[in-house]
1. Applying 1/(1 + (r/R0)^6) with R0 = 41 Å to the Cβ-Cβ distance of Glu12 and Val141, what FRET efficiency is obtained, to the nearest 0.05?
2. Report the extension gain between Glu150 and Ala125 in nm, rounded to one decimal, defined as 0.36 nm multiplied by the number of residues separating them, less their alpha carbon distance.
3. In nm, give the distance between the simple-model label positions of Trp179 and Leu61, each being 7 Å from the Cα along the Cα-to-Cβ direction.
4. If you put +1 on each Lys and Arg Cβ and -1 on each Asp and Glu Cβ, how big is the dipole of region 38-147 around its Cα centre, in Debye rounded to 20?
Amino acid sequence: MRVLDTHPRDPEAVREILQQLTADGRRASEVVQRVRAFAKKGDVDRGPIDVNALLRETVQLVRHDTIRRHAEIRFALTHDSLIVVGDRVQLQQVILNLVLNALEALTDLPTGAERLVLIESTRVATHTAIITVRDTGPGIVRERQAAIFEPFITSKPNGLGVGLSIGRTIVEAHGGIIWCESDPAVGGAAFMVAIPLGSTRRS
């Protein structure tokens, strides 16, 4: 719209901008397709992964971000042994993205507000591990909770909007599911990842 306002009688300028936008969209789409194809082909290095150890290792990667944002990360991890079979790097990328998103959600909180990210793990029945990343941010409106896992949906000014989409693909390639729960009236958002224990099953 700004282009049209600036160059109302310059069709060449408008055409050039639209072509650039189309090219950028095509490149972003190719990135998503390549990552999804990579995950679905099973081109991964699968092995046993201790879920609780993976969570602690991942948090170490964001300790500087945590300090910079004056935030705190706490754990509420089960004492049960949670071993999944999968690609450590890919699963760590999923958790890292969720934690970074949670920290980002705390950015605009007012002075004195609690800036907390809570990471939980639990076992459901005998066959599923659930990882939860909660934050004390403003939450996500109900209408957006399903859409945020689609490509190019983002609330970040400079975000491409593919992090959660890629994360969902990775989780599903490990036979799991990912979803979001949030009540904006209360505040905060929770992202849950459920993965089969000790299984090589893929979707």
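1. Once the sixth-power term is evaluated, E becomes 0.55.
2. Contour length minus the Cα-Cα distance gives 6.0 nm.
3. Placing both labels 7 Å beyond Cα along the Cβ direction yields 2.6 nm.
4. Computed charge dipole of region 38-147: roughly 100 debye.
No value in this document is a laboratory result; all are computed from the given coordinates. Computed from a predicted model, the values in this text were never measured in an experiment. Methodologically, a virtual Cβ is constructed for each residue, glycine included, from the backbone with ideal geometry; neighbour enumeration extends over all protein chains shown.
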